[in-house]
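As structure tokens, the structure follows; a few thoughts come after it.
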Amino acid sequence: AYVNGRYRPITDEAIGIEDRGFQFGDGLYEVWSVRRGRFLDHEEHSARLERSLRELQIDLPVSLPALDVILREVVRRNRFTDGLVYLQVTRGVSRRDHPFPVTPVRPTLVVTARGLDFTTIDRRAAAGIAILTLPDERWKRCDIKSVNLLPNVLAKQKARDAGAFEAWLVDEDGCVTEGSSTTAWILTKEGTLVTRATDNRILWGVTRKAVRALAEQEGLRIEQRGFTVEEALEAREAFVTSASSFVMPVTSIDGRTVANGAPGSVAMRLRELYIAAADGAAR
Ligand code: PLP
């Protein structure tokens with residue numbers, strides 16, 4: 001792991017007890033997929049990182065070019081070509097008090113990475129995943145990639161306890177906002193892709209943006225709006241997207257099958273296109 005200027009074993013106790021990330025969840029994170037040694041959608045993830053930092057008024061303690069070097073060095077030191085890189089920035093260490101430190105402190109920067117066998121995820125995609133729907137109990141700034149993930153964690157666990165892989169969160173109007181760690185999509189009977197518009201109730205998925213561009217290239221119609229669970233159950237296909245799962249078909253929701261219960265062909269096609277583009281063009 002990289003921690004505040006040093007590379008050290010991930011098992012080291014390297015973060016201060018009074019780190020505001022630990023005390024208040026006063027921090028943010030970003031996740032990149034690395035495939036064949038290349039960072040996927042690197043610029044988009046970096047841009048979102050900068051936006052999260054701006055929204056929380058936290059300064060990155062290193063320059064972006066220096067961060068780039070750190071990200072690659074952590075991958076190199078972990079000796080993998082396929083995997084995930086995790087970055088966390090917190091407001092830093094200061095005597096516990098809710099307002100920002102009066103005397104500014106250096107933000108904490110941590111980068112970790114681990115290898116991942118993407119064939120496991122390919123197999124999951126070939127089978128499709130089950131979804132459990134739950135009320136969206138999160139705050140109203142889900143567009144910030146904050147480390148405050150307790151509602152997401154509780155929802156994911158409820159899904160796993162129910163034998164589902166992911167939870168879809170449903171707002172007060174009965175519309176799906178997103179998954180606990182993924183963007184939610186459906187393909188309607190009429191052949192329109194639907195995913196929620198990028199408002200404050202969802203994280204603006206980097207993979208969502210890339211997949212949307214691919215879908216447009218394929219000539220698919222896209223509507224950015226909320227959809228209900230009923231609409232999803234009547235849809236031709238449903239799927240989720242994220243940096244770690246790319247495009248993942250959904251085959252059941254709350255124990256009821258989506259269409260014929262098999263992964264949708266459009267979802268699988270978009271998955272194929274995303275992976276081909278990533279393997280071909282990512283840097
Ligand atoms: N929505 C939430 C709540 C997430 O946590 C994530 C990923 O972590 C996503 C959506 C998907 O975003 P991305 O495609 O950038 O990984």
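Every number here is computed from the coordinates shown, using simple stated rules; none is lab data. Fair warning: this is a prediction, and the values are worked out from it, not measured in the lab. Cβ: placed from backbone, ideal geometry, glycine included. Neighbour counts: every protein chain shown.
Fully extended, how many nm does the chain gain between R141 and D12 (0.36 nm per residue separation, minus their Cα-Cα distance)? Before the final figure, lay out the partial values.
Working: separation 129, 0.36 × 129 = 46.44 nm, distance 3.25 nm.
Stretched out fully, the R141 to D12 stretch lengthens by 43.2 nm.
Helix 150-161 against the longest principal axis of the chain: what's the angle in degrees, Cα atoms only, rounded to the nearest 10?
On a 0 to 90 degree scale, this one is about 50.
Report the extension gain between N200 and D173 in nm, rounded to one decimal, defined as 0.36 nm multiplied by the number of residues separating them, less their alpha carbon distance. Present the calculation step by step, with values, prior to reporting the outcome.
Working: separation 27, 0.36 × 27 = 9.72 nm, distance 1.51 nm.
Separation in residues times 0.36 nm, less the Cα-Cα distance, equals 8.2 nm.
Residue separation times 0.36 nm, minus the C-alpha to C-alpha distance between R256 and Q224: what's the value? Display every interim value, and only then the final one.
Details: separation 32, 0.36 × 32 = 11.52 nm, distance 2.46 nm.
That works out to 9.1 nm of additional length.
Of all GluC sites (Glu not before Pro) in segment 1-67, which ones are in loop regions per DSSP and have a Cβ with at most 13 other Cβ atoms within 10 Å? Intermediate results must be reported in sequence, preceding the final value.
Details: sites: E13, E18, E30, E43, E44, E50, E55; in loops: E13, E18.
In loop regions of segment 1-67 (DSSP not H, G, I, E or B), the sparsely surrounded GluC sites (Glu not before Pro) are E13.
Give me a comma-separated list of calculated 3J(HN,Hα) values for segment 78-91, in order, Karplus coefficients 6.51, -1.76, 1.60 applied at θ = phi - 60°, integers in Hz, x for any Gly or Pro.
Ordered by residue, 3J(HN,Hα) equals 8, 6, 9, 10, 10, x, 10, 10, 10, 10, 10, 10, 10, 5 Hz.
Excluding P263 itself, calculate the net charge of residues whose Cβ lies under 15 Å from the Cβ of P263, where each Lys or Arg counts +1 and each Asp or Glu counts -1. Could the numbers behind the result be given before it?
On the way: positive: R123, R124, R236, R269, R271; negative: D122, E166, E237, E272.
Here the charged neighbours net out to +1.
Work out the FRET efficiency for R72 and D161 from their Cβ-Cβ distance, taking R0 = 45 Å, and round it to the nearest 0.05.
Numbers: r = 38 Å, r/R0 = 0.85.
With R0 = 45 Å, the Cβ-Cβ based efficiency is 0.70.
Going by alpha carbons, how many degrees (0 to 90, nearest 10) lie between the helix axis of 265-281 and the longest principal axis of the chain?
Relative to the chain, helix 265-281 is tipped by roughly 40 degrees.
Given a cut-off of under 8 Å on Cα pairs at least six residues apart, what relative contact order in percent is computed for the chain? Before the final figure, lay out each step's value.
Numbers: 559 pairs, mean separation 53.1, N = 283.
Answer for the chain is 19 percent.
Give the lysines reachable from K156 as a straight Cα distance under 25 Å; neighbours fewer than 8 places away on the same chain don't count.
K140, K145, K209
Residue by residue, what Karplus-based ³J(HN,Hα) values in Hz, rounded to whole numbers, does segment 70-76 have, using 6.51, -1.76 and 1.60 with θ = phi - 60° and x for Gly and Pro?
After applying 6.51 cos²θ - 1.76 cosθ + 1.60, I find 4, 4, 5, 5, 5, 4, 4 Hz.
If I take every Cα pair under 8 Å that is 6 or more residues apart in segment 2-116, average their sequence separation and divide by the length, what percent do I get for the relative contact order? Don't jump to the answer; show the numbers that get you there.
On the way: 177 pairs, mean separation 43.5, N = 115.
Relative contact order, segment 2-116: 38 percent.
At a 10 angstrom cut-off on C-beta neighbours, averaged per residue, how do the peptides 68-78, 170-180 rank from highest to lowest?
170-180, 68-78
Given the rule -39500 (n - 2.57) for each run of at least 4 DSSP H residues, summed and divided by the residues of the chain, what is its mean residue ellipticity at 222 nm, to the nearest 500 deg cm²/dmol? Don't skip to the end; give the middle numbers.
Numbers: 8 runs with 90 residues, N = 283.
Helix-only estimate at 222 nm: -9500 deg cm²/dmol.
By average Cβ neighbour count within 10 Å, what is the ranking of 58-66, 148-156 from highest down? Please list the in-between numbers first.
Numbers: 58-66: 13.0, 148-156: 17.1.
Ranking, from highest mean packing down: 148-156, 58-66.
Each residue of segment 105-119 in turn: what ³J(HN,Hα) in whole Hz from Karplus with 6.51, -1.76, 1.60 and θ = phi - 60°, glycine and Pro shown as x?
Working through the residues one at a time gives 10, 6, x, 7, 10, 10, 10, 10, 8, 8, x, 9, 8, 5, 5 Hz.
Given Cα pairs under 8 Å that are at least 6 residues apart, what percent is the relative contact order of segment 121-281? Walk me through the numbers before you get to the answer.
Details: 320 pairs, mean separation 41.2, N = 161.
Once divided by the residue count of segment 121-281, the mean separation gives 26 percent.
How many angstrom separate the Cα center of segment 1-54 from the Cα center of segment 146-199?
Spelled out, the Cα-based centre of one part sits 24 Å from the other.
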